[in-house]
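The values are calculated or read from the model by the stated rules, or taken from the named source; none is laboratory data. Just so we're clear, the structure is a prediction, and the values are computed from it rather than from any experiment. Quick reminder, even Gly has a Cβ in these numbers, built from the backbone with ideal geometry, and neighbours come from all protein chains shown. Quick note on the areas: whole protein, heavy atoms, side chains included, nothing else; ligands and nucleic acids left out. Shrake-Rupley method; radii C 1.70, N 1.55, O 1.52, S 1.80 Å.
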Amino acid sequence: MPRSRAPSLTDAEIRLMVILWGRGPATVGDVVEALPTSQSLAYSSVLTTLRILEHKGYVSHEKHGRAFVYHPVVNRK
């Protein structure tokens, strides 16, 4: 049985949200570059996590040319 999704943010999701809250709209590549080297993640891992955040309603995206730009929907508390 697959693991159910947590309604709140996981530690990994919080790290990406902090970047989006600080930078504003960003591509997956921008988020990967903004991660500290001690917390670096693969491009595909960041993309997957951003998609999960979008599914949970924390971010949205729009297409700009060939890139997808992710925007935080939920403000930092």
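Points to keep in mind about this one:
- Residue within region 56-77 that is without any contact (Cβ under 8 Å) to a residue 40 or more places away in the chain, in contact with a Ser or Thr (Cβ under 8 Å, 6 or more places away or on another chain) and among the small types (G, A, S) present: no
- Residue within region 2-17 that is exposed (fewer than 12 other Cβ atoms within 10 Å of the Cβ), in a loop (DSSP other than H, G, I, E, B) and of a type in the set (S, T, N, Q) present: yes
- Here region 52-66 is the region considered, the condition is being in a strand (DSSP E or B) and open to solvent by 40 Å² or more (accessible area, probe 1.4 Å), and the residue that is farthest from E13 (Cα to Cα) is H64.
- For Y43, the conditions (1) modelled with pLDDT of 95 or more; (2) surrounded by 15 or more Cβ atoms within 10 Å (Cβ to Cβ) are fulfilled apart from (2).
- Members of region 20-31 that are open to solvent by less than 50 Å² (accessible area, probe 1.4 Å) and either outside any helix (DSSP H, G or I) or within 19 Å of L9 (Cβ to Cβ) (or both): L20, G24, A26, T27, V28, V31
- For V32, the stated conditions do not hold, so it cannot be described as of a type outside the set (S, T, Y), modelled with pLDDT of 95 or more and either closer than 16 Å to R76 by Cβ or under 9 Å from the mean Cα position of the chain (by Cα) (or both).
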